[in-house]
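The values are calculated or read from the model by the stated rules, or taken from the named source; none is laboratory data. Everything numeric here is computed off the predicted structure, so don't read it as measured data. For neighbour counting, all protein chains shown are included, and Cβ atoms are generated from backbone atoms with ideal geometry for every residue, glycine included.
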Amino acid sequence: MKKISRISISTIIAVLMFSLALGSVSAASAKQTTVKAPVILKINQYYVLYTTPDVPYIDKQNRFMMPLRAVSELLGAKVGYDAASKKATVSWNDKTVEVTINSKNVTYNGTGSQIDTVPVIKQGQIFIPARVLIDGLGIQSTYKDSLLTMTDEKFQETSKIISDLKSGIDFYGTPKDVDMNTNDIRPLSVELTLPTSDKDGKIKAKAQNISGKDMPKDTEDLRLTFVRKDGSMLLMPKERTRPAVKAGATYDFNMNIAGGHTLGYILAVGKTVG
């Protein structure tokens, strides 16, 4: 672990000394959690590879489900939950929605309505339909190629995580500034063994060059940011092997993750360097 003296926006930055996975890694301890999932959510320009304690998913009604904690921290919404009534409230941009666990009843800004799937509790966390947020809070969204993109410049103001990333907290300066409509690389899926206090983790991401152009060797820059539960961020080293990637081609991105911390989120943007 290498300590960096620079502190930006009250967030303590630690640089992970990752090691590139050059081959197979020994099986994870039974105490470690392994996650295998497609990458199906994007907030502004940031692909969401992991949210604690579980990733967004598509339920049996083919509806997109999001963890309430991620709604709070990645969108910057104010959330509340009353255990007695099993009601969850989400407020953002002067709008409010209220849902009830295992109920199709929903309230949009005081007006009752119904949805076609139900909020649930999974691994001790509340998951709610993304459609409730999109309709009730007026969040701009698109769903294309199995990817839900939620877009609003206000996230840069309401979410500390998004604000810190957009403000240039990655002092390496790469990838070059990626706006909300631009990414050269799309992560498609992730296999993740979470690090623990005494064990390293590992990540394998499958990504695709969506720039429309070939990426020569040393120009690919899929940049992952690891957000710990305490809000501090672990950044990838600048120096690493960067493969050549043909336009439209997929490739695997493998790294070990140093232990000693608990992850809350993994976000990624992809651009070219050089």
Residue check, VAL15 of a type outside the set (S, T, N, Q) and at pLDDT 90 or above: no
The number of residues in region 29-80 that are exposed (fewer than 15 other Cβ atoms within 10 Å of the Cβ), in a loop (DSSP other than H, G, I, E, B) and among the hydrophobic types (A, V, I, L, M, F, W, C) is 1
Of those in region 81-104 that are in a loop (DSSP other than H, G, I, E, B) and free of Cβ contacts under 8 Å to residues at least 24 places away in the same chain, the residue surrounded by the fewest Cβ atoms within 10 Å (Cβ to Cβ) is ALA84
The correct count of residues that are in contact (Cβ under 8 Å) with a residue 60 or more places away in the chain, surrounded by fewer than 16 Cβ atoms within 10 Å (Cβ to Cβ) and not in a strand (DSSP E or B) in region 129-152 is 1
Just one listed residue, out of ASP214, ASP230, ASP218, is charged (D, E, K, R), surrounded by fewer than 18 Cβ atoms within 10 Å (Cβ to Cβ) and closer than 24 Å to ILE161 by Cα, and it is ASP230
In region 244-268, anything buried (at least 17 other Cβ atoms within 10 Å of the Cβ) and over 18 Å from LEU192 (Cα atoms) is listed as VAL245
With criteria (1) in a loop (DSSP other than H, G, I, E, B); (2) at pLDDT below 85; (3) surrounded by 15 or more Cβ atoms within 10 Å (Cβ to Cβ), ASN183 comes up short on (2)
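Output the residues belonging to region 217-227 that are of a type in the set (Lys, Arg) and out of contact with any Phe, Trp or Tyr (no Cβ under 9 Å at 6 or more places or on another chain).
The initial filter retains those residues of region 217-227 that are of a type in the set (Lys, Arg), namely 217, 223.
Scanning region 217-227 gives a single hit, LYS217.
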Answer yes or no as to whether ASP170 is out of contact with any His (no Cβ under 6 Å at 6 or more places or on another chain) and either at pLDDT below 90 or buried (at least 20 other Cβ atoms within 10 Å of the Cβ) (or both). yes
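Select, from THR241, THR225, the only residue that is surrounded by fewer than 22 Cβ atoms within 10 Å (Cβ to Cβ) and outside any loop (DSSP other than H, G, I, E, B). Full working, then the answer.
Values: THR241 fails: outside any loop (DSSP other than H, G, I, E, B).
Of the residues listed, the single one that is surrounded by fewer than 22 Cβ atoms within 10 Å (Cβ to Cβ) and outside any loop (DSSP other than H, G, I, E, B) is THR225.
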Within region 110-128, residues in contact with a helix residue (DSSP H, G or I) (Cβ under 7 Å, 6 or more places away or on another chain) and in a loop (DSSP other than H, G, I, E, B) come out as ILE115
